[in-house]
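S.K.: Following this message is one structure expressed as structure tokens.
Throughout, read-outs are computed from the coordinates displayed, never taken from laboratory work. For clarity, every value in this text was computed on a predicted model and none was experimentally measured. Note that we place each Cβ from the backbone using ideal geometry, even for glycine, and neighbour counts take in every protein chain shown.
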Amino acid sequence: MNGNGNPTEQSEQPEPPEGMDPELEALRREADEHRDRYLRVVAELDNFRKRSAREIDGARKFGAERLAQAILPVRDSLEAGLVAGAKAGQTALVEGQQATLRLLDEALAASGIREINPVGEPFDPNRHEALSLVPAQGVAPNTVLEVVQKGYELNDRLLRAAKVLVARGDGP
């Protein structure tokens, strides 16, 4: 205790009394080193667990990305076939393809894949690819007028940008 009755601050390791056995002092230092190593290893293991959990979560969310990129052209082809079949008046073919397209859309949605169809929305270069600027009256400049090819997101990550036609602003 110091002079005003409060305990004095002590360092983490109390000073060994004078005349302490040098062997005991060496063992105490070695024990302290082992404790420090133990604490570092525990912290490193905890960081490893957290990092692994993040990587597993990322793999779960985006593991289907390559598969989705391979399937999307198939979906586009089915959709184009529907349009062509409807124009040719082949009802049974159209109904079969509609059912197939519906099943494919449900499978994509269950995997976290969402369609980007931005007609009427402002052009966003992060999600849309402008193919052309088109003059359009009565429409705000930089508004998406038509989607040439739909875009897709996988769990809010862009998988494929929507290819669009954009309204051009009236210049002077």
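S.K.: Treating each Cα of the chain as an identical point scatterer and ignoring solvent, apply the Debye formula and state log10 I(q)/I(0) at q = 0.16, 0.21 Å⁻¹.
M.R.: -1.08, -1.29
S.K.: Quote to one decimal, in nm, the extra length available between residue 106 and residue 26 on full extension: 0.36 nm per residue of separation minus the C-alpha distance between them.
M.R.: Working: separation 80, 0.36 × 80 = 28.80 nm, distance 6.92 nm.
Stretched out fully, the residue 106 to residue 26 stretch lengthens by 21.9 nm.
S.K.: Give me the net charge for the shell around residue 111: Cβ to Cβ below 13 angstrom, other residues only, Lys and Arg +1, Asp and Glu -1. Present the calculation step by step, with values, prior to reporting the outcome.
M.R.: Values: positive: 60, 61, 66, 75, 114, 157; negative: 65, 105, 106, 115, 153.
My count for the surroundings of residue 111 gives +1.
S.K.: Return the long-range amide H neighbours of residue 169 (sequence gap of 5 or more, or a different chain), with a cut-off of under 5 Å between placed amide H atoms.
M.R.: Amide H neighbours of residue 169: 142.
S.K.: Hey, another quick one. Suppose R0 equals 30 Å. What FRET efficiency, 1/(1 + (r/R0)^6) with r the Cβ-Cβ distance, do residue 47 and residue 126 give to the nearest 0.05? Can you show the working numbers first?
M.R.: Numbers: r = 33 Å, r/R0 = 1.08.
E between residue 47 and residue 126, to the nearest 0.05, is 0.40.
S.K.: While we're on this one: Return the sequence-ordered ³J(HN,Hα) values of the range 77-84 in whole Hz as given by the Karplus equation 6.51 cos²θ - 1.76 cosθ + 1.60 applied to θ = phi - 60°, using x for Gly and Pro.
M.R.: Taking θ as phi minus 60°, the curve returns 5, 4, 5, 5, x, 4, 5, 5 Hz for the range 77-84.
S.K.: Continuing with the same structure: Under a cut-off of 16 Å between alpha-carbon atoms, report the lysines in cross-link reach of residue 163, not counting same-chain residues fewer than 8 places apart.
M.R.: 150
S.K.: Connecting C-alpha atoms closer than 10 Å in a GNM of the chain, tell me which of 27, 131, 72 has the biggest fluctuation.
M.R.: Per the Cα network of the chain with a 10 Å cutoff, 27 tops the list.
S.K.: Would you work out if the range 88-172 is rounded, prolate or oblate? Take a ≥ b ≥ c from the square roots of the eigenvalues of the alpha-carbon gyration tensor; rounded if a/c is under 1.5, else prolate when a/b is larger than b/c, oblate otherwise. Walk me through the numbers on the way to the answer.
M.R.: Numbers: a/c = 3.65, a/b = 1.58, b/c = 2.31.
In terms of gyration-tensor shape, oblate.
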